[in-house]
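What follows is a short report on a single structure.
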Amino acid sequence: MFRRSGFYLIFPIISLLTSHLGLIVGPGIFRISIFLFITIFLLTILLFVALYVFEKKNRLLYLDYAQILYSIFILLIFYISGISYENLKLIPNFGLTSYFLQNLGILYQDAFFAFSRLGFFYHLWFISSAVACFYFIPKIDRLFLQKGRIGSPTIPILTLLIVAGSYLLLFSDKLVSNPNKMVLDRFSRSNSNTKPQRNKNIIIFLLEGISKEAFTKVDLSSFKNWEEIEYFFVPIPHSSNSLFSLITGNYSDSRREPNSENTKSAQPITSEFERAGYKIRFLFSGAGYFENIQRMMQDWRIPLYDRNYFRNNAKKNYKEFQWGLEDSVLIDFASDFSQLDPSPYLYILYFTNTHSPYFNPHPEKFYRFEEDSDYGRYLNSLEYELHLVDSFVRKNEDRFPNQTIYLLLSDHGESFGKFGVYKHGFSIKNEEVRVPFLYYSPEFSIPSAEKGGIHDVFPSLLELLDFGSYKEKNGTSFFDPDYEFRMPLYPWGPRSSKGVLYKDKKYILEENSRSLIESDLDESEMKESRDPNILKLLQKL
């Protein structure tokens with residue numbers, strides 16, 4: 001029987017051949033194919049060992065159970081790979097799986113919407129294949145590959161069908177239920193000068209999940225000299241989508257995290273600074289695989305310094321929580337880098353401590369709000385991060401006065417039940433899409449602005465530093481006197497609603513009721529609207 005089980009070698013061979021096909025098709029398909037090959041190969045080795053042991057011990061029933069389990073595991077591997085790659089655009093790995101399981105209490109909503117975005121055929125194939133596997137278990141005594149018997153190779157054929165069908169669905173456009181994308185290549189051609197007329201270092205403090213409403217509740221006395229854009233929004237309340245918009249100036253597809261096709265086709269605006277001689281660094285206190293940040297930075301050729309880098313290179317120990325290290329690690333390393341790098345440089349410091357479950361590493365110092373409640377701990381964590389920002393700016397100005405532009409903003413807001421929603425990603429109310437934006441540069445005149453969006457940050461910097469104008473884009477610098485404020489709004493995942501910001505108004509169209517809600521940008525007054533022009537505009541989004 002063990003000799004006849006060599007039939008199963010066909011599966012790792014198929015997956016190996018597919019990995020070569022994937023290499024031709026593209027790097028994403030190649031990596032998922034390699035993952036499948038390695039996993040199927042290891043499973044096949046385990047199957048051979050199990051069959052050999054059970055045959056030696058004359059455990060005939062276990063021979064069949066081992067083959068059934070092999071088929072089920074093959075099916076599960078493809079199903080999970082489909083969720084990871086085609087839906088979330090992640091390459092499966094054990095670190096990411098462990099990370100997901102450790103934070104299941106926080107990520108369960110994302111997982112639910114991930115399943116809901118998979119196509120009908122993919123679910124149907126998984127369910128029908130699983131039923132077929134379990135159907136054969138009561139008929140174990142009639143299955144092929146038992147010692148001293150010859151019959152129809154039921155289980156190997158079943159497994160072959162599972163593998164063939166799974167490969168077909170995994171690499172086809174049938175997988176995602178609605179693959180339409182809204183990615184605007186706003187910087188496909190550059191009209192900028194290669195050298196800025198004004199030379200300034202740039203440091204961007206990017207906070208995690210801070211709404212404008214929450215920002216106004218903490219102590220801002222250290223930021224009284226900073227300028228602020230009163231109405232600043234993100235189009236999608238989700239970290240990777242906002243990061244994509246910040247660095248490329250593009251809107252990303254709201255149904256998923258930006259994939260490699262998006263990041264490679266959308267030219268990062270940071271490349272303009274790189275060509276102008278800027279040293280660029282992206283510092284992130286979390287794990288690089290969170291929100292696909294590592295892959296995005298690789299596609300954009302931006303050096304990434306994440307939790308693993310800090311762990312290996314830190315001169316002291318930093319406290320940790322589910323998402324990463326305490327954010328003081330960003331300040332310490334940025335301070336060291338700024339003394340090493342010649343001007344000009346561009347740093348993006350991405351904080352994580354205000355992400356749920358809201359980490360306050362020093363409750364003995366930051367305790368103005370109730371630490372036992374989520375919202376109180378969230379605000380205490382915010383005050384801790386603002387303290388870090390303020391202390392860094394003061395020290396940096398003492399060492400290198402009047403050489404730097406500082407920006408402070410957030411990737412999205414956070415809901416705490418005001419509209420029956422918690423955390424972020426699933427609402428386009430101001431709690432989640434309106435965020436703070438402050439800027440500061442001593443002895444450097446920066447014009448004021450009243451409105452803006454995260455996708456306009458780098459175009460505004462290009463204009464401010466006089467790189468040259470960008471004519472071929474949809475957005476404009478919010479420092480431009482002729483800036484027209486208009487931005488689509490989407491929740492992340494299934495579109496229960498969509499909206500648009502237009503001049504001084506905000507419109508939200510609820511998909512279920514088809515009711516159009518109009519409000520001012522503060523959402524202080526909401527009323528039903530039937531404006532045909534706005535309805536027509538929303539239908540195009």
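The values are calculated or read from the model by the stated rules, or taken from the named source; none is laboratory data. Not measured: the values here are computed from a predicted model. All Cβ positions, even for glycine, are placed from backbone atoms using ideal geometry, and neighbour counts span all protein chains on display.
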| request: Could you identify the single residue in 338, 356 that is surrounded by 18 or more Cβ atoms within 10 Å (Cβ to Cβ), in the same structural domain as residue 208 (by TED's automatic domain parsing) and part of a helix (DSSP H, G or I)? | output: 338
| said: Step by step: first the residues of the stretch 313-327, then only those that are in a strand (DSSP E or B) and either among the acidic types (Asp, Glu) or out of contact with any helix residue (DSSP H, G or I) (no Cβ under 6 Å at 6 or more places or on another chain) (or both), then the one that is surrounded by the fewest Cβ atoms within 10 Å (Cβ to Cβ). Which residue is that? | reply: 320
| said: One residue is enough: does the stretch 292-312 have a residue meeting the conditions farther than 23 Å from residue 240 by Cβ, assigned by TED's automatic domain parsing to the domain that holds residue 395 and surrounded by fewer than 22 Cβ atoms within 10 Å (Cβ to Cβ)? | reply: yes
| field | Counted residues, the stretch 198-217 - those being without any contact (Cβ under 8 Å) to a residue 12 or more places away in the chain and either in contact with a helix residue (DSSP H, G or I) (Cβ under 6 Å, 6 or more places away or on another chain) or assigned to a strand (DSSP E or B) (or both) | value | 0
| said: Quick check on the stretch 196-230: of everything there that is of a type in the set (Ser, Thr, Tyr) and over 21 Å from residue 246 (Cβ atoms), which residue is surrounded by the most Cβ atoms within 10 Å (Cβ to Cβ)? | reply: 222
| note | Taking the stretch 342-352 and keeping only residues that are out of contact with any Gly (no Cβ under 8 Å at 6 or more places or on another chain) and farther than 13 Å from residue 409 by Cα, one is left with 342, 343, 345, 346, 347
| note | Listed by range, strands (runs of 3 or more DSSP E) wholly within the stretch 400-459 having at least 3 residues that are at pLDDT 95 or above and within 22 Å of residue 386 (Cα to Cα) are 404-410, 437-440
| remark: Across (1) at pLDDT 90 or above; (2) part of a loop (DSSP other than H, G, I, E, B); (3) under 14 Å from residue 350 (Cα atoms), residue 236 clears everything bar (3)
| task | Would you mention how many residues in the stretch 486-536 are aliphatic (A, V, I, L, M), over 22 Å from residue 211 (Cβ atoms) and surrounded by fewer than 17 Cβ atoms within 10 Å (Cβ to Cβ)? | result | 1
| Count of residues meeting criterion [touching a residue at least 40 places away in the same chain (Cβ under 8 Å), of a type in the set (Phe, Trp, Tyr) and within 20 Å of residue 331 (Cβ to Cβ)] in the stretch 291-305 | 0
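Yes/no matrix, rows are residues, columns are (1) at pLDDT below 95; (2) not in a helix (DSSP H, G or I):
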residue	(1), (2)
329	no, no
334	no, no
343	yes, yes
346	no, yes
370	yes, yes
375	yes, no
381	no, no
385	no, no
392	no, no
| task | Evaluate the stretch 479-496: report whether one residue or more is under 30 Å from residue 398 (Cβ atoms) and either part of a loop (DSSP other than H, G, I, E, B) or modelled with pLDDT of 90 or more (or both). | result | yes
| task | Among residues belonging to the stretch 380-411 that are out of contact with any helix residue (DSSP H, G or I) (no Cβ under 8 Å at 6 or more places or on another chain), touching a residue at least 24 places away in the same chain (Cβ under 8 Å) and among the acidic types (Asp, Glu), point out the one that is surrounded by the fewest Cβ atoms within 10 Å (Cβ to Cβ). | result | 397
| field | Residues of the stretch 503-541 satisfying the condition of being over 29 Å from the mean Cα position of the chain (by Cα), acidic (Asp, Glu) and not in a strand (DSSP E or B) | value | 504, 525, 531
